[in-house]
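To keep things clear, I will list the structure first and then write my remarks on it.
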Amino acid sequence: MSHPVAEEAPAAHGDALNLLRAEIAAALDPAEAAQRAVEVLHDRFPHYDWLGIYWVDGADLVLGPWVGPEATEHTRIPIGTGICGAAAASGQTEIIADVDADPRYLACFASTKSEIVVPIFADGSVVGEIDIDGSDANAFDETDGRFLEEVAALLAPLRPRA
Ligand code: SME
């Protein structure tokens, strides 16, 4: 029997998933766990230049933990706006090879050339997303997408709850 996805996933992804599980389990609360998760991903993958988690809050996405060279002004994004809002509206992973060629793109950093946004699901709904900006064009591929979808499943229980 073959397991093509597992065989194609780089060992670095398996290692990172194990580390994420350990860091999340060791954290004292969900907010700390989510902060540790973004730090692990940023440390382990040099092409993840800026990485943040947005959580759904009503009709908006609100920035949670992030790590990167500078803060973004887009701390609240209406669902449906930008690449982030498109991924939240559709529930589909967005891989953008060239942000300047995508009319939906909401610019945050002059250095960003490409972007990946991966929805976080809970109970069948989008409850947040992972947003990563890359300084190189075409920085992200389907392998990142599949990996980050597994990461998203680990993050779902960390969402803020009323
Ligand atoms: N570029 C995103 C906005 C978020 S910043 O990249 C952090 C977008 O188009 O939705």
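Just give me the residues in the range 120-137 being open to solvent by 10 Å² or more (accessible area, probe 1.4 Å) and within 16 Å of the ligand (Cβ to nearest atom), in sequence order. Even if it seems obvious, please write down each step before you answer.
Step one: filter the range 120-137 for residues open to solvent by 10 Å² or more (accessible area, probe 1.4 Å), giving 121-127, 135-137.
Across the range 120-137, the qualifying residues are 126, 135, 136, 137.
None of 88, 31, 37, 71 is more than 22 Å from residue 108 (Cβ to Cβ) and of a type outside the set (Val, Ile, Thr) except 31. Those residues that are more than 7 Å from the ligand (Cβ to nearest atom), surrounded by 14 or more Cβ atoms within 10 Å (Cβ to Cβ) and either under 13 Å from residue 52 (Cβ atoms) or of a type in the set (Gly, Ala, Ser) (or both), I need them from the range 81-108; list them, please. Once the filter is applied, which keeps residues that are more than 7 Å from the ligand (Cβ to nearest atom), surrounded by 14 or more Cβ atoms within 10 Å (Cβ to Cβ) and either under 13 Å from residue 52 (Cβ atoms) or of a type in the set (Gly, Ala, Ser) (or both), the range 81-108 yields 86, 87, 88, 89, 97. Restricting attention to the range 116-159, the residues being within 14 Å of residue 37 (Cβ to Cβ) and in contact (Cβ under 8 Å) with a residue 60 or more places away in the chain number 14.
Scanning the range 16-58 for residues that are in a helix (DSSP H, G or I) and closer than 24 Å to residue 138 by Cα gives 16, 17, 37, 38, 39, 40, 41, 42, 43, 44.
Can you tell me which residue within the range 138-154, out of those that are in contact with a helix residue (DSSP H, G or I) (Cβ under 8 Å, 6 or more places away or on another chain) and either of a type in the set (A, V, I, L, M) or open to solvent by 10 Å² or more (accessible area, probe 1.4 Å) (or both), is nearest to the ligand (Cβ to nearest atom)?
Looking only at the range 138-154, we keep the residues that are in contact with a helix residue (DSSP H, G or I) (Cβ under 8 Å, 6 or more places away or on another chain), and these are 143, 146-147, 150-151, 154.
If we keep only those that are either of a type in the set (A, V, I, L, M) or open to solvent by 10 Å² or more (accessible area, probe 1.4 Å) (or both) too, we end up with 143, 146, 150-151, 154.
On the way: 143: 21, 146: 21, 150: 22, 151: 17, 154: 21 Å.
Among them, the one singled out is 151.
Of the residues examined, residue 61 is not one that is at pLDDT 95 or above, near the ligand (Cβ under 10 Å from one of its atoms), under 12 Å from the mean Cα position of the chain (by Cα) and not in a helix (DSSP H, G or I). Quickly run through the range 92-133 and pick out the residues that are in contact with a Gly (Cβ under 8 Å, 6 or more places away or on another chain), in a loop (DSSP other than H, G, I, E, B) and charged (D, E, K, R). If the condition is that a residue be in contact with a Gly (Cβ under 8 Å, 6 or more places away or on another chain), in a loop (DSSP other than H, G, I, E, B) and charged (D, E, K, R), then 104, 113 are the ones that fit. Only one of the numbered conditions (1) over 16 Å from the mean Cα position of the chain (by Cα); (2) open to solvent by 70 Å² or more (accessible area, probe 1.4 Å) is not met by residue 43, and that is (1). Scan the range 65-80 for residues that are hydroxyl-bearing (Ser, Thr, Tyr) and open to solvent by 20 Å² or more (accessible area, probe 1.4 Å) and jot them down. Listed by number, the list holds a single entry, 75.
The values are calculated or read from the model by the stated rules, or taken from the named source; none is laboratory data. Since the structure is predicted, the reported quantities are computational estimates derived from the model, not experimental observations. Note: ideal-geometry Cβ built from the backbone for every residue, glycine included; neighbour counts use all protein chains shown. All accessible areas refer to the heavy atoms of the entire protein, side chains included, with ligands and DNA or RNA removed. Shrake-Rupley method; radii C 1.70, N 1.55, O 1.52, S 1.80 Å.
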